[in-house]
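Have a look at the structure below before the remarks.
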Amino acid sequence: MGQSLAKLYIHLTFGTKNRAPSIVPALKPKLEVFIDGILEKLESPSIHTHVDPDHMHVLFSLSKDQALTNVVEAIKEQSTQWMKEQGIDAFSWQTGYAAFTVSSSNVDYLKKYILNQQEHHQKISFREEVEEFIKQYQIMDYNTDHFWSEN
């Protein structure tokens, strides 16, 4: 029988709806662990997950048996339900997301980058950060009205 092999590293980021700072500090580490658990169940283990009050970043290895959209949907749906169970009734993620492939030679760099989010966001906003990635990855169909709007 044939064997399929893949090692796909993904940097995934998305914000809360309207970038509302609704992830309270007390829930941050628990939400990170919860998201890691979702990824583990999808055989797409997290390398590092970081949650800020208004957005999240995760570097993970995408399973060859999962579509990226299914992974994103699972993270959003299950973590939204979990947040509501924690008493954050109005919690919701933005409808869009940004995901980028990462070469194996850059995994350590990106892990450090995600670890330093608190320091990083003292200098640059989440929007500016995403727009830097869009330029770096040469994404041509980026439309600010669609990505940042919640209509």
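The values are calculated or read from the model by the stated rules, or taken from the named source; none is laboratory data. Nothing here was measured: the structure is a model prediction, and the numbers come from that model. Neighbour counts are summed over all protein chains in view; Cβ atoms, including those assigned to glycine, are modelled from backbone coordinates with ideal geometry. Just the protein is used for accessible areas: all its heavy atoms, side chains included, with ligands, DNA and RNA removed. Shrake-Rupley method; radii C 1.70, N 1.55, O 1.52, S 1.80 Å.
Across the chain, the longest run free of exposed loop sites, meaning trypsin sites (Lys or Arg not before Pro) lying outside DSSP classes H, G, I, E and B with no more than 11 other Cβ atoms within 10 Å, spans 8-122. The separation of region 98-151 from region 1-58, counted between C-alpha centres, amounts to 14 Å. With all protein chains in place and a 1.4 Å probe, the accessible surface of region 5-104 carries 53 percent carbon and sulfur. Ellipticity at 222 nm from helices only: DSSP H runs of n ≥ 4 in the chain, each -39500 (n - 2.57), divided by the residue count, give -12000 deg cm²/dmol. Here the chain has an Rg and Dmax of 15.3, 53 Å, counting Cα atoms alone.
Note on region 61-151: Lys pairs 8 or more places apart or on different chains, Cα atoms under 26 Å apart, count 12. With the convex hull drawn around the C-alpha atoms of region 64-151, the volume per residue stands at 153 Å³. Near Lys64, within a Cβ-to-Cβ distance under 13 Å, what is the net charge of the other residues, with Lys and Arg +1 and Asp and Glu -1? Charge balance in the 13 Å sphere: -1.
How much area per residue is accessible in region 1-41 when the probe is 1.4 Å and only protein heavy atoms are counted (Å²)?
61 Å²
Rounded to whole numbers, the Karplus 3J(HN,Hα) couplings from phi for region 101-107 are 6, 10, 6, 4, 6, 9, 4 Hz, using 6.51 cos²θ - 1.76 cosθ + 1.60 with θ = phi - 60°, and x at Gly and Pro. In the calculated pair-distance distribution of region 24-94, the portion above 15 angstrom amounts to 50 percent of the Cα-Cα pairs. Summing Lys and Arg as +1 and Asp and Glu as -1 over all other residues whose Cβ lies under 12 Å from the Cβ of Ile38 gives a net charge of -4. Accessible surface computed residue by residue for region 63-108, with neighbouring protein chains in place and a 1.4 Å probe, gives 54 Å² per residue.
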